[in-house]
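J.: Quick one: the structure is below, and I'll ask about it shortly.
Just so it is clear, none of the values below were taken in a lab; they were calculated from the coordinates. Predicted model only: the values in this text are computed from it and were never measured. Positions of Cβ are backbone-derived with ideal geometry, glycine not excepted, and every protein chain shown enters the neighbour counts.
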Amino acid sequence: MPKKNRTIRKKDILEYHEGKRPGKIEVIPTKPSNSQRDLSIAYSPGVAEPCVKISENKANAYRYTAKGNLVAVISNGTAVLGLGDIGPLASKPVMEGKGVLFKIFADIDVFDLELDTTNTEKFIETVKILSPTFGGINLEDISAPECFEIEHRLREELDIPIMHDDQHGTAIITGAALLNALEVVKKDIKEIKVVFNGAGASAISCAFLYLSLGVLPENLIMCDSKGVIHSGRKGLTNQKMKFIRKTPLRSLDEALKKADVFVGLSKGNILTQEMIMTMGKDPIVFALANPDPEISYKLAKSSRDDIIMATGRSDNPNQVNNVLGFPYIFRGALDVRASEINEKMKLAAVHAIAELAKEPVPEIVNLAYGSRNLTFGPDYIIPKPFDPRLIYTVAPAVAKAAMESGVAKKSIDNWVSYENDLRNRLGLDDKFIRLVMEKAKTDPKRVVFNEADNYKVLKAAQIVLEEGIAIPILLGNENKIKSLNDEYSLGLEEVKIIDTKSSELPRISEYIDSYYKSRQRKGVGYDEARRLLLNRDYFGPMMVKMGDADAYLTGSMVKYPRAVKPVMEILGPKDDNRTVAGVYVMLTKKGPRFFTDTTMNQNPDAEKIAQIACETAELVRKMNIEPRIALLSYSNFGSSSGRTSVKMRDAMNLIRMSDPSLIVDGEMQANFAVDNNLLKEQFPFSDLVGKDPNVFVFPGLSSANISYKLLQSMGSMEAVGPLLVGLTYPAHILQLGCSVREIVNTAAMAVIDAQSRETSDL
């Protein structure tokens with residue numbers, strides 16, 4: 001396998017941020033605005049009514065405006081990531097990114113505000129003036145010590161939740177990690193010795209929180225760039241002075257002797273193996289500098305067997321990532337209209353995160369992170385960032401703490417209902433793709449990229465290689481591939497290239513013999529077999545059949561019939577009774593929806609419809625999703641005796657006989673299939689009531705193909721596919737003219753397809 005380059009190229013990053021529409025966020029209306037009546041209600045004259053209500057009672061702003069779900073991400077750009085003081089405008093991409101995280105993890109809307117001032121008083125006054133707009137304020141990337149004063153003053157002078165995530169986010173996550181690490185090694189928090197390296201905003205906040213959790217002040221040593229903060233030091237900030245210790249220790253290496261915990265929030269590669277060796281039994285090391293930790297995970301783990309290690313990196317176990325905290329803390333605070341985020345709320349978040357790590361991990365999380373069984377222990381002391389349980393675990397804990405501490409202006413009476421609302425709040429489109437990507441990365445497979453002499457295909461190959469999604473094999477004109485690779489600096493020099501027109505093909509005779517034997521009674525002679533196998537459209541599928549690749553992608557440059565013909569001949573169904581179908585995955589706000597058959601069977605009979613449904617259900621199961629099938633028609637549950645209606649009803653009966661475990665019903669009209677409340681109201685007997693369908697089986701090719709293309713074009717839904725089901729081997733046909741993102745997504749699906757076949761009956 002070629003060596004993966006995990007560094008994302010600057011050009012790719014800039015193209016992502018620029019894109020078709022510069023930036024990463026937009027404002028979208030939440031109410032209808034299609035008619036003059038709508039506009040008259042939205043603005044003048046109708047808008048006067050909610051204005052009057054708010055003037056009568058300010059709390060009504062939470063009823064009639066977006067205030068209750070709107071957070072300001074505010075910075076002056078004085079301490080941006082590892083870039084330092086780059087100014088407010090240069091910080092804007094970071095603030096937009098923070099807004100994206102708020103939205104995708106907690107469904108919180110964000111306005112980012114970059115303030116052009118380093119004057120503390122002006123900053124505070126500006127935020128105060130703007131505060132009526134927002135339900136909460138997230139302070140971001142503000143240098144110390146000014147950040148302490150800014151947050152303190154705003155918390156004192158405003159009555160909405162305010163948090164400086166650089167301080168408290170890291171503190172909350174590491175606090176949860178500390179509690180669990182101590183439980184693993186069976187140490188009492190009141191007896192441990194803790195050493196900090198770094199004395200900035202994050203470190204100081206972490207230290208204060210550790211004290212709140214039970215660490216004794218005399219057992220906490222803090223070091224800055226000049227060494228231990230001791231009683232002989234002069235010129236210390238007010239914050240550092242709170243951590244002065246009367247001690248003979250002067251350096252980090254001295255402080256670490258017999259220490260139980262190291263917390264690094266400083267710079268990379270300042271902690272050595274020798275230092276770790278001097279620590280006490282079962283040492284806990286949080287090396288959180290980014291992008292390079294104070295000591296690498298591999299080096300730290302090799303230094304001694306009893307170490308528990310955490311970093312800020314996603315490629316190591318125990319990633320300390322603030323996204324585990326801030327979206328859900330604000331979610332809980334906003335939902336009870338808290339006047340502040342106080343210590344009790346922060347501690348509630350700490351304990352909620354810590355306890356979640358001890359719970360059995362859902363299979364969807366195991367799959368996403370490439371584990372068979374994530375279990376509480378040294379390598380799993382905090383939850384994974386993409387754990388879907390975080391929102392309905394942390395947010396309620398924070399909300400309860402706000403109510404119990406008297407800062408909530410709104411009460412939640414039904415916690416079960418609230419947790420269910422949180423479960424259903426997030427759109428699942430992007431989450432599904434993220435989980436697919438992570439599952440693919442657990443065991444990357446060899447994927448043949450036909451038409452690799454096209455830039456988009458080649459770019460997709462670069463991405464899957466660098467992200468560890470797949471091992472690409474490039475099939476196409478070798479000179480063009482190399483030229484494109486050089487022109488765009490894609491870094492694919494070590495990736496295997498096969499050019500059927502010029503490359504040496506060591507197994508070509510075996511390929512020809514195999515194809516000839518399978519097609520000799522279908523009118524194919526040996527010479528024709530040779531001619532066809534020197535065509536890349538035939539050679540690629542044969543690579544999969546002969547075991548030289550695991551999956552095949554094609555179709556981005558040619559019409560579907562041409563692309564699918566070789567696939568069907570070489571990788572098609574095991575027997576003539578098996579039906580091959582094309583499935584599109586439509587990424588909706590309610591999660592993925594599988595449309596079938598969109599590409600293959602023009603007018604299938606009831607038996608084929610049943611086969612298509614069952615094959616699609618197997619695909620859905622591979623994605624670790626329970627299939628719930630709606631058989632679509634123009635009628636509902638026997639209301640018509642038309643040919644199509646009868647066909648779909650017969651298909652339903654065949655499906656139930658074939659696989660009684662499947663959740664399936666029909667025939668039904670599409671509006672009832674997508675609106676479960678409507679289905680319950682009109683047809684309460686349906687097996688799909690309370691079970692939103694995710695597989696939509698169409699009566700014919702025309703209706704399926706038209707439907708997905710309309711949704712894709714007019715509904716702004718992303719489509720992945722088509723994915724072929726019913727084949728003996730993994731192969732998928734791309735859309736003509738598809739995007740790089742679509743190719744990458746389909747490649748990841750192909751990898752999962754190949755993974756599943758290793759343990760299946762196939």
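J.: When N counts the residues of the stretch 577-726, how does its alpha-carbon radius of gyration compare numerically with 2.2 N^0.38 Å, as a ratio?
T.: 0.94
J.: Go through Ile150, Ser55, Val71 and say which Cα lies farthest out towards the positive end of the charge dipole of the stretch 10-165; charges sit on Cβ, +1 for Lys and Arg, -1 for Asp and Glu.
T.: Positive-end residue among those listed: Ser55.
J.: Please tell me which of these pairs span more than 24 angstrom C-alpha to C-alpha: Lys186/Lys439; Lys128/Lys242; Lys190/Lys258; Lys186/Lys301; Lys67/Lys410; Lys103/Lys445?
T.: Going by Cα-Cα distance, Lys186/Lys439; Lys128/Lys242; Lys103/Lys445 fall outside the 24 Å limit.
J.: As an exercise, use a Förster radius of 56 Å and the Cβ-Cβ distance of Lys31 and Ser231 to find the FRET efficiency, rounded to the nearest 0.05.
T.: According to the calculation, E is roughly 0.35.
J.: Okay, next question. Based on DSSP, what percent of beta bridges with both residues in the stretch 10-165 are antiparallel, to the nearest 5?
T.: The antiparallel proportion sits near 5 percent.
J.: Evaluate the relative contact order of the chain (contact order divided by residue number), counting alpha-carbon pairs under 8 angstrom at least 6 apart; express in whole percent.
T.: 9 percent.
J.: Evaluate 2.2 N^0.38 Å with N set to the residue count of the stretch 385-471, then give the Cα radius of gyration divided by it.
T.: Scaled against compact globular proteins, the figure is 1.75.
J.: Order these peptides, 186-192, 261-267, 644-650, by their mean beta-carbon neighbour count within 10 angstrom, highest first.
T.: Going by the mean number of other Cβ atoms within 10 Å, highest first, we get 261-267, 644-650, 186-192.
J.: Moving on. Taking the number of other C-beta atoms within 10 Å as the exposure measure, put Val320, Val725 in order starting with the fewest.
T.: So the residues, fewest neighbours to most, are Val320, Val725.
J.: Calculate the translational D of the stretch 506-615 in whole µm² s⁻¹ from Stokes-Einstein, where the hydrodynamic radius comes from the Kirkwood formula applied to all Cα pairs, the temperature is 25 °C and the viscosity 0.890 mPa s.
T.: This corresponds to a translational diffusion coefficient of 155 µm²/s.
J.: Multiply the residue gap between Ala59 and Ile706 by 0.36 nm, knock off their C-alpha separation, and tell me the result in nm, one decimal place.
T.: Net length gain for the segment: 228.2 nm.
J.: Along the charge dipole of the chain, Cβ charges K/R +1 and D/E -1, which of Asn197, Ala287, Leu484 sits furthest on the positive end?
T.: My answer, from the dipole projection, is Leu484.
J.: In deg cm²/dmol, rounded to 500, what helix-only [θ] at 222 nm does the chain give when every DSSP H run of at least 4 residues adds -39500 (n - 2.57) and the total is split over its residues?
T.: Calculated from helices alone, the mean residue ellipticity at 222 nm is -13500 deg cm²/dmol.
J.: Can you give the FRET efficiency to the nearest 0.05 for Arg578 and Val47, using r as the Cβ-Cβ distance and R₀ = 56 Å?
T.: Between Arg578 and Val47 the formula returns 0.40.
J.: log₁₀ I(q)/I(0) of the stretch 117-198 at q = 0.15, 0.17, 0.19 Å⁻¹, via Debye over equal Cα point scatterers, no solvent, to two decimals?
T.: -0.66, -0.76, -0.85
J.: Nothing charged except the Cβ atoms of Lys and Arg (+1) and of Asp and Glu (-1): what's the magnitude of the dipole of the stretch 382-467 about its Cα centre? Round to the nearest 20 debye.
T.: That gives a dipole near 100 debye.
J.: Rg to Rh for the stretch 324-425: what is it, with Cα atoms only and Rh by Kirkwood?
T.: 1.01
J.: May I ask you to give the average projected area over all directions of the convex hull of the Cα atoms of the stretch 10-165, in nm² rounded to one decimal?
T.: Mean orientational projected area (the stretch 10-165, Cα hull): 11.2 nm².
J.: Given the peptides 521-530, 94-103, 695-704, arrange them by the average over their residues of other C-beta atoms within 10 Å, most packed first.
T.: 695-704, 94-103, 521-530
J.: Taking 0.36 nm per intervening residue step and subtracting the Cα-Cα distance, what contour gain separates Glu758 from Lys691 on full extension?
T.: Working it through step by step, the gained length comes to 21.0 nm.
J.: Using Kirkwood radius over Cα pairs in Å as the read-out, say which of [x] 29.1; [y] 30.4; [z] 35.3 was calculated from these coordinates.
T.: Among [x] 29.1; [y] 30.4; [z] 35.3, the one derived from this structure is [x].
J.: Further question: Where both partners of a DSSP beta bridge lie in the stretch 168-318, what percent of those bridges are antiparallel, to the nearest 5?
T.: 10
J.: On the principal axes of its Cα set, how long, how wide and how thick is the stretch 168-318? Give whole Å, largest value first.
T.: Principal-axis extents of the Cα atoms in the stretch 168-318, largest first: 39, 28, 28 Å.
J.: If we sort 54-63, 540-549, 199-208 on the protection proxy, mean other Cβ atoms within 10 Å, highest first, what's the order?
T.: So the order, starting with the most tightly packed, is 199-208, 540-549, 54-63.
J.: As a footprinting exposure proxy, order His17, His168, His230 by other Cβ within 10 Å, with the fewest listed first.
T.: His17, His230, His168
J.: Indicate, rounded to the nearest 5 percent, the antiparallel portion of the DSSP beta bridges found entirely in the chain.
T.: 25
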